[in-house]
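Working notes for the structure below.
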Amino acid sequence: MKNISVIFLMFSLFNNAPYAMVAQQNSAIKSTELKKNKTKKSCCLAGIPTRYIVNSKNNSKGKSVTNTTTTSPEGMVWIPDGTFSMGGDNDQARKDEFPKHSVKLNGFFIDITEVTNAQFAKFVAATGYKTTAEKDINWEELKKQLPPETEKPDSETLKAASLVFVPTVSEVNLQDYSQWWSWSHGADWKHPKGKDSTIEGKENYPVVHISWEDANAYCNWAGKRLPTEAEWEYAARGGLTKSVYSWGNEKVEEGKAHCNIFQGNFPYKNEVTDGFAGSAPVKSFAPNGYGLYDMAGNVWEWCADKYNNLYYDSFIKVKVALNPKGPLKSYDPDEPLVAKRVMRGGSFLCNESYCSGYRVSARMKSSSDSSMEHLGFRCVSN
């Protein structure tokens with residue numbers, strides 16, 4: 001580990017799970033390299049850094065329902081109460097998407113789009129809030145997630161930063177996500193590609209480099225909250241049953257562009273056939289059956305729930321789960337020391353051959369202080 005730069009040691013898939021992954025990642029990378037990178041490619045859900053990266057068949061359409069007795073707040077739609085089957089629908093689904101189980105939810109309002117730069121700017125102007133990515137790292141808090149013997153990094157490494165995607169020049173080992181993630185000082189919601197970038201002219205783009213803590217602060221200010229994982233999936237399905245995607249079962253790259261993803265060979269050749277190399281303005285693609293945009297692709301979205309890889313097992317003997325709010329304890333076997341929250345929806349970096357995070361049942365996770373170029377959120381309210 002001595003020959004690995006401190007910066008990369010502090011990277012960890014989606015953006016804030018520092019050194020905890022170092023030993024595990026290095027071992028995994030070496031093992032994978034022995035297989036000459038010819039094995040089945042892992043899902044990007046397993047390769048998204050926590051705040052710091054380590055070096056290393058059936059398409060039954062439901063009816064779209066409009067609530068006629070409740071006036072929706074501006075920018076939100078009403079999702080009617082109902083019961084649905086939650087979990088994986090095809091062979092791309094991972095173990096943590098099973099078992100599929102029945103869930104009953106009360107109705108709720110949800111934002112039609114991800115929270116935009118313009119909306120987040122109003123929040124910051126009103127409160128003076130500083131996001132996680134704009135703050136220097138608190139070593140005393142960080143080391144709680146790391147092995148006891150972890151040495152404190154230099155002060156430069158601990159300065160404010162976030163993860164920015166940088167495409168590689170050629171094919172690389174897809175188990176080593178440090179190849180395409182850059183720990184960039186000065187990257188934050190106002191500077192999504194780094195300190196010299198800007199959001200000028202991008203007011204209608206989803207705000208990114210947002211941690212779970214940042215998202216909750218915005219929700220509290222707006223009088224809203226983050227959706228539960230069950231609410232998010234129910235809304236994403238848009239009234240469809242047994243469908244893999246929010247639009248049905250047509251393959252993601254069949255027909256017209258369904259969402260903003262990475263077409264081509266990830267992470268070095270994006271063919272940009274959907275028109276966007278990075279994030280896209282909200283409402284750039286057709287909405288689902290509930291009138292919701294970007295429930296697939298564009299940017300990952302935070303949910304309220306803690307992440308536990310075996311959470312769905314708790315419903316094996318439950319006939320119908322009523323308004324589930326997630327597990328009491330977080331656990332990710334990939335990083336057992338790091339408490340994580342759920343993320344949903346996929347992003348502009350998801351690719352069919354490497355990742356299928358845009359499936360309605362796909363689950364992702366990261367620590368609550370994680371922030372990245374492809375991570376945002378939307379709100380709900382009762």
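For the peptides 212-219, 169-176, what is the packing order when you average, over each peptide's residues, the other Cβ atoms within 10 Å and list the highest mean first?
My ranking of the peptides, most packed first, is 212-219, 169-176.
In the neighborhood of residue 115, defined by Cβ-to-Cβ distances under 14 Å, what is the net charge if each Lys or Arg adds +1 and each Asp or Glu adds -1? Kindly include the intermediate steps, with their values, before the conclusion.
Numbers: positive: 122, 202, 224, 225, 283, 378; negative: 74, 111, 114, 203, 214, 294, 301.
That works out to -1.
More than 20 Å apart: what percent of Cα pairs in region 64-139 qualify? Kindly include the intermediate steps, with their values, before the conclusion.
Details: 1780 of 2850 pairs.
The share of Cα pairs beyond 20 Å in region 64-139 comes to 62 percent.
Using the Cα atoms of region 148-264, I'd like the radius of gyration and the largest Cα-Cα distance, Dmax, both in angstrom.
Spelled out, the Cα radius of gyration and Dmax of region 148-264 are 18.8, 53 Å.
Whenever you get a sec, compute what percent of the accessible area on region 169-302 sits on carbon and sulfur atoms (1.4 Å probe).
46
Could you give the length gained on full extension between residue 328 and residue 203, defined as 0.36 nm per residue of separation minus the Cα-Cα distance, in nm?
This chain segment gains 41.3 nm when fully extended.
Between residue 71 and residue 251, what length in nm is gained on full extension when 0.36 nm per residue of separation is reduced by their alpha carbon distance?
Full extension from residue 71 to residue 251 adds 61.3 nm.
Probe radius 1.4 Å, ligands and nucleic acids ignored: give me the carbon and sulfur share of the accessible area of region 92-137 as a rounded percent.
Within region 92-137, the accessible surface is 54 percent carbon and sulfur.
At a Förster distance of 22 Å, what's the computed FRET efficiency of residue 273 paired with residue 92, Cβ-Cβ distance as r, to 0.05?
0.60
Is there a pair in 95/152; 159/365; 122/195 whose C-alpha atoms are over 26 Å apart, and which pairs would that be?
With Cα atoms farther than 26 Å apart: 95/152.
Within a Cβ distance under 14 Å of residue 292, other residues only, what is the Lys/Arg minus Asp/Glu net charge?
Here the charged neighbours net out to -2.
At what distance in nm do the modelled label points of residue 283 and residue 158 sit from each other, each positioned 7 Å from its Cα along Cα→Cβ?
Spacing of the two 7 Å Cα→Cβ label points: 4.6 nm.
For region 205-253 and region 116-154, what is the centre-to-centre distance using only Cα atoms, to the nearest Å?
Cα centroid to Cα centroid, the span is 23 Å.
Taking a probe of 1.4 Å, how large is the accessible area per residue of region 295-382, in Å²?
Values: 2780 Å² over 88 residues.
In whole numbers, region 295-382 has 32 Å² accessible per residue.
Using a simple spin-label model with points 7 Å from Cα along the Cα→Cβ vector, what separation in nm is obtained for residue 166 and residue 221?
3.1
Scale the Cα Rg of region 247-374 by the rule-of-thumb value 2.2 N^0.38 Å and send over the ratio, two decimals.
Relative to the rule-of-thumb radius for its length, region 247-374 sits at 1.16.
Just by accessible area at a 1.4 angstrom probe, what is the order of 208, 166, 272 from largest to smallest?
Details: 208 10, 166 70, 272 50 Å².
Heavy-atom accessible area, descending, gives 166, 272, 208.
The values are calculated or read from the model by the stated rules, or taken from the named source; none is laboratory data. No experiment lies behind these values; they were computed from the predicted model shown. Using ideal geometry, Cβ is built from the backbone for each residue, glycine included, and neighbour counts are taken over all protein chains shown. In case anyone asks, the SASA skips ligands and DNA or RNA and just uses the protein heavy atoms, side chains included. Shrake-Rupley method; radii C 1.70, N 1.55, O 1.52, S 1.80 Å.
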